[in-house]
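Comments concern the structure below.
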Amino acid sequence: MAEEKTAITELTGEFFDSLVAGSEVGEKVRSCLQCGTCTASCPVARYTELSPREIVRLVLIGGEEELLRPEVVYYCSACYSCAVRCPMGVRLTELVNLLRDIMVDRGMGPLEAQVELVRSVENYDNPWQQPRAQRDRWARKVPGKVKVLPKQKSDTLYYPGCTAAYLPNMQKVALATAQVLARAGVDFGIMGREEICCGSTAMRVGMRETFEAQASRNIEKLSSLGVRRIITACAGCYGIMKHNYPEVAPFDVEVLHVSEVLAGLVSEGALELQPIERTVTYHDPCHLARHGGVVDAPRAVLEAIPGLNLVEMSRVGLNARCCGGGGGLRTGHTEQAVAIASERQAEASESGAQALVTCCPFCEMNLTDALNQSGGLPVIDLVELVLESMGETDPAAVEAPGDTAVDPGPGSA
Amino acid sequence: MAGGIGVYICDCGTNIAGVVDCAALAREAATWPGVAVAREYRYMCSDPGQGLIKSDIEELGLDRVVVAACSPRMHEPTFRACLAEADLNPYLLEVCNIREQCSWVHAETGSATQKALSLLRAAVRKVRLNRELSARSFPVTRAVLVLGAGIAGIHAALSIAASGKKVYLVERGPSIGGRMAQLDKTFPTLDCSACILTPKMVDVARSPNIELLTCTELEELSGFNGNFTARVRTRSRRVDIDSCTGCGDCVEACVMKGRVPDEFDAGLSRRGAVYMPFPQAVPLAAAVDPQSCLYVTKGKCKSPCLEACGPEAIDLDMPDEVRELEVGAVVVATGFDVFGAAGMPQFGYGRYPEVMDALQFERMLSASGPTGGRLLLPDGTEPSTIAFLHCVGSRDENANEYCSRVCCMYSMKQAHLAREKTGAKVYEFYIDITAFGKGYQEFYRRVRDEGVFFIRGKAADVARLGGSLKVFAEDTLLGRPVELPVDMVVLATGLIPASGSADLARKLGIALSPDGFFAEAHPKLRPAESHGDGIFLAGCCQGPKDIPDTVAQAGAAAVEAVALLDRGTVQVDAGVGGIVEDLCRGCGICVECCPYGAVELTADGVACVNEALCKGCGLCAAACLGGAVVMEAYDDGQILACIEGLLE
């Protein structure tokens, strides 16, 4: 015998009225048609107890005891697929983030593994529990000197972010970027040990206070450098600085993702690219494409490499399938995150490509884990590929700094 | 004769009285100088309400009237007529809007009543200065211009012609018939679209009262209600309609044969530069597409069409022709376009050849279509599973917010026909089923009974994965993900305003509604009229609708146009602008700012207002630096009196 079902005897809308209606994301939630576009678009929906559609329904008519549970709110990978496609304009990603904020306010969240990362951000300004002093170690491997701002002057800041700065398997991205920029004659500098985490980790898991404190500090630091533009390595830092920073404090520095800068250099003819005979496919990072709106720039860079053959996967651009690496999912529910990445790897393999190019350290780590677990294509960063095309050796071959003992395990974004 | 002002406050049921204290307004107004009587009544526009005004005019000898009620757009004509019936000049009326501009936008009685009082004071102060004016009348030209010759334009033209009036039926394309000619069967009765349409097309060709102008577009409309001049340009067809027999020999000879996507087949087949629009075209004559004819584009071609044409009907150097048509009314029936599915890339349109839009599928179903009515995949085989995706480009903030009203029904019709032709398994992915018309629910039930699978969930995307084309959705009734492999996907693409609608609206001086279709004068009571007097609307140019509604609206537009023509004269509002010639220095700023082209400079270098064109908007009066423009119903003194009333 199945358990007896409880009849709905009243619809109060109390949860919605008291906690959602007045917030910025409350707008349009009532328009929901329950069409299921969100659930069908959600990479995580099949692993969850409540689908995104059911979450919206319960936000409107349910109570907090049903909604404010870790198994409901911590499965979103913040990929924005639901929000971009919703025919009624419901901002579901932000709605789930609001639920996370409420969980934290009530002391019910986030998940333990996620707390660790945020505490590390609070204590060390990075989620990887690394000392501040080692943030600039990657730069020592760059041939030639890298300017350190503000002691030295430049109008361009390269901001690798915590993952590309600390994790030994991701430092190659920062290294490659520094070399490409230098060889293209771009005058830039880094913040060295003064760089701090953008705060994305805290925001995505609902620790809004930590996020806002981190963002405020960073806005002040970045603004005081007097730079005209910031180049980010990470799609996550990019989306947060571009869209969320101005909501925290006035911030009027131009934020560019490295792929946009490379596309600009390509169109100026500033890069001398040698042929690479290879067929590749490109994975759009969610926070770059759907959150940031950057879809064409990375493709323009790939198309500029002679001999390189870009074949597209079935779902690309604003419709690209998420790798599962974001929104704290990789930290909180690693197994599911990697399973989702395996689905994306299967799509990549089907495209007929030999390698999978992307330009977000998080996608790269998650897709690589999927490759190791269930097969797929080798993952390569866009900047690495450009460096290779400039006739440089693989930056990964540059010996990783030996004395940084960082566990490259599951992260967060 | 006592004289004095009568003030009438309308409760409008609770519309006004629910917020504004109408009794207090009447009490207060009764104390104002010059006010002979002030009354409150439940519905001033009703017969007894108007009776009150009339008997007061007669018994108290009122010489001015103020009605505080709804917007003058609504009932100013009603109350003007009321005054006229009591032998008072209708321009001695002032309507004070205390509904749209007061009770409907305020919630608090105290302050709303204060605002209503201010508005009323202004109206009373102004009415004291109102002058007797008389409306002018002009004769009406007994001909109608119908723009667009789909089923709406055809039906309107035939109805007007049947009443003995002259009709100019202007069509942008080379044949009449419109979208309906492209359809296979029509829902819910499944009669053959061509079979019911072509007799009407032939009637158009035969009607002595209809002059058909194909390949023709409106360039400019001037004049006014009842007296329009339409300048139309007939683009060179390069084929003489009268001598062409429609034999098709030129089509076979054209060097571009099979190289140009055929618009009638929604791009599924290819034609040449010279082509027959479709087998039942009216006029049954070939046309040359100047965009693809090598003689036209490159200036050189052996032009085998010329040799192939027995009756020598082709003239590749034929010029455009521009004509001016004098008409009393215009019926706009320019139809719709199909939403471009490429705008929603998640559905794979343009990426997977098995994904098509509904019009393409319709052409495939049609016996006159590219496959002779067979449903075929690109590899030449028949599909065994077909998915229909509803609401593509409709009910979606990312495209159009409105419901296109026909997609549910045509999708179910297509599902029925697809099963009949192939026995394929058919899936309908839907959010809600819109089946509101006569016989529609019955048809919905019929296709369910026939075994079409209905999946309650909007499709999220279509992708080729694991070797097969899959539709991704959620079965929201079960709460389970759907990943359905199918052979063919049909997108139920919505209806959008026809290309060029905004441009046409500008030429006609009529408004668009926010959805981009032409706006009707009133959503319920004047559905076949535009905001422009003498310009009527028929069919999908006003909003998505099915064939029965289109024909009904076309009939209504025709009756409105005929009624205008039969009236014989039009009255033009007397509240126009006038020029004080001694003050005019001929700078022309009024000419530039007039949106209706009603002001011009005379040979003497002074401005002159064409009273028939003037709408009394007052832009010229506001712009005139010398104060030379006097608005007959809103002169400076009257406006200052209003302001004094508001500030009192």
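Tabulated data for the structure shown
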read-out	value
Among the candidates A:GLU10, A:GLU54, residue that is of a type in the set (Asp, Glu) and crowded, with 19+ Cβ neighbours inside 10 Å	A:GLU54
Any hit, region A:63-75, residues being touching a strand residue (DSSP E or B) at 6+ places or on another chain (Cβ under 9 Å) and either over 24 Å from A:CYS322 (Cα atoms) or among the polar types (S, T, N, Q) (or both)	no
Selection from region A:80-122 of residues that are within 14 Å of another protein chain (Cβ to nearest Cβ) and among the polar types (S, T, N, Q)	A:SER81
Enumerated helices (runs of 4 or more DSSP H) restricted to region A:177-293, each holding at least 2 residues that are surrounded by 24 or more Cβ atoms within 10 Å (Cβ to Cβ), in contact (Cβ under 8 Å) with a residue 12 or more places away in the chain and in the same structural domain as A:ARG137 (by TED's automatic domain parsing)	A:200-204, A:208-224, A:235-239, A:258-268, A:286-289
Checking B:VAL105 against (1) open to solvent by 70 Å² or more (accessible area, probe 1.4 Å); (2) more than 31 Å from the chain's Cα centre (by Cα); (3) of a type in the set (Val, Ile, Thr), the condition it does not meet	(2)
Residue match in region A:372-395 (condition: at negative phi, at pLDDT below 90 and not in a loop (DSSP other than H, G, I, E, B))	yes
Scan of region B:325-354 for residues that are among the β-branched types (Val, Ile, Thr), outside any loop (DSSP other than H, G, I, E, B) and crowded, with 23+ Cβ neighbours inside 10 Å, ordered by number	B:VAL327, B:VAL330, B:VAL331, B:VAL332
Condition met for B:ALA399 (in contact with a Gly (Cβ under 8 Å, 6 or more places away or on another chain), within 14 Å of another protein chain (Cβ to nearest Cβ), free of Cβ contacts under 8 Å to residues at least 40 places away in the same chain and open to solvent by 10 Å² or more (accessible area, probe 1.4 Å))	no
Exclusive hit being in contact (Cβ under 8 Å) with a residue 40 or more places away in the chain, touching a strand residue (DSSP E or B) at 6+ places or on another chain (Cβ under 8 Å) and farther than 30 Å from A:CYS35 by Cα, set A:ALA139, A:ALA113, A:ALA133	A:ALA139
Region A:123-170, residues that are touching a Lys or Arg at 6+ places or on another chain (Cβ under 7 Å) and of a type in the set (D, E, K, R)	A:ASP125, A:ARG132, A:ARG135, A:ASP136, A:ASP155
Considering residues of region A:57-76 that are under 12 Å from A:LEU92 (Cα atoms) and under 24 Å from the mean Cα position of the chain (by Cα) only, the residue nearest to the other protein chains (Cβ to nearest Cβ)	A:CYS76
Some residue of region B:375-385 being within 18 Å of B:MET180 (Cβ to Cβ), polar (S, T, N, Q) and open to solvent by less than 40 Å² (accessible area, probe 1.4 Å)	no
Single residue of region A:322-338 satisfying the filter (touching a Pro at 6+ places or on another chain (Cβ under 6 Å) and open to solvent by 10 Å² or more (accessible area, probe 1.4 Å)) that is nearest to B:PHE472 (Cα to Cα)	A:THR334
So A:VAL90, is it assigned to a helix (DSSP H, G or I), closer than 20 Å to A:PRO43 by Cα and not small (Gly, Ala, Ser)	no
Filter pass, B:LEU478 being loosely packed, with under 15 Cβ neighbours inside 10 Å and at pLDDT 95 or above	yes
In region B:237-259, the residues that are within 19 Å of B:ARG172 (Cα to Cα) and surrounded by 15 or more Cβ atoms within 10 Å (Cβ to Cβ)	B:ARG237, B:ARG238, B:VAL239, B:ASP240, B:ILE241
Among (1) surrounded by 18 or more Cβ atoms within 10 Å (Cβ to Cβ); (2) more than 14 Å from chain A (Cβ to nearest Cβ), the one test that B:SER394 misses	(2)
Members of region B:240-258 that are under 37 Å from the mean Cα position of the chain (by Cα) and of a type in the set (Val, Ile, Thr)	B:ILE241, B:THR245, B:VAL251
Scan of region B:419-477 for residues that are hydrophobic (A, V, I, L, M, F, W, C), under 35 Å from the mean Cα position of the chain (by Cα), in a loop (DSSP other than H, G, I, E, B) and more than 8 Å from chain A (Cβ to nearest Cβ), ordered by number	B:ILE433, B:ALA435, B:PHE436
Options B:ALA415, B:ALA435: the member that is small (Gly, Ala, Ser), crowded, with 19+ Cβ neighbours inside 10 Å and assigned by TED's automatic domain parsing to the domain that holds B:MET344	B:ALA415
So A:GLY89, is it surrounded by fewer than 19 Cβ atoms within 10 Å (Cβ to Cβ), out of contact with any His (no Cβ under 8 Å at 6 or more places or on another chain) and within 27 Å of A:SER31 (Cα to Cα)	yes
So B:PHE453, is it in contact (Cβ under 8 Å) with a residue 24 or more places away in the chain, among the hydrophobic types (A, V, I, L, M, F, W, C) and open to solvent by 60 Å² or more (accessible area, probe 1.4 Å)	yes
In region A:1-47, the residues that are in a loop (DSSP other than H, G, I, E, B), within 11 Å of chain B (Cβ to nearest Cβ) and without any contact (Cβ under 8 Å) to a residue 40 or more places away in the chain	A:GLN34, A:GLY36
Selection within region B:386-413 - outside any helix (DSSP H, G or I) and of a type in the set (Phe, Trp, Tyr)	B:PHE388, B:TYR402
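Results for (1) modelled with pLDDT of 95 or more; (2) surrounded by 22 or more Cβ atoms within 10 Å (Cβ to Cβ); (3) more than 24 Å from the chain's Cα centre (by Cα); (4) on the phi > 0 side of the Ramachandran plot, shown as yes or no for each residue.
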position	(1), (2), (3), (4)
B:ALA122	yes, yes, yes, no
B:VAL127	yes, yes, yes, no
B:ALA135	no, no, yes, no
B:TYR168	yes, yes, no, no
B:GLY178	yes, yes, no, yes
B:PRO199	yes, no, yes, no
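The values are calculated or read from the model by the stated rules, or taken from the named source; none is laboratory data. For clarity, every value in this text was computed on a predicted model and none was experimentally measured. Cβ coordinates were reconstructed from backbone atoms using ideal geometry, including for glycine residues, and neighbour counts include every protein chain displayed. In case anyone asks, the SASA skips ligands and DNA or RNA and just uses the protein heavy atoms, side chains included. Shrake-Rupley method; radii C 1.70, N 1.55, O 1.52, S 1.80 Å.
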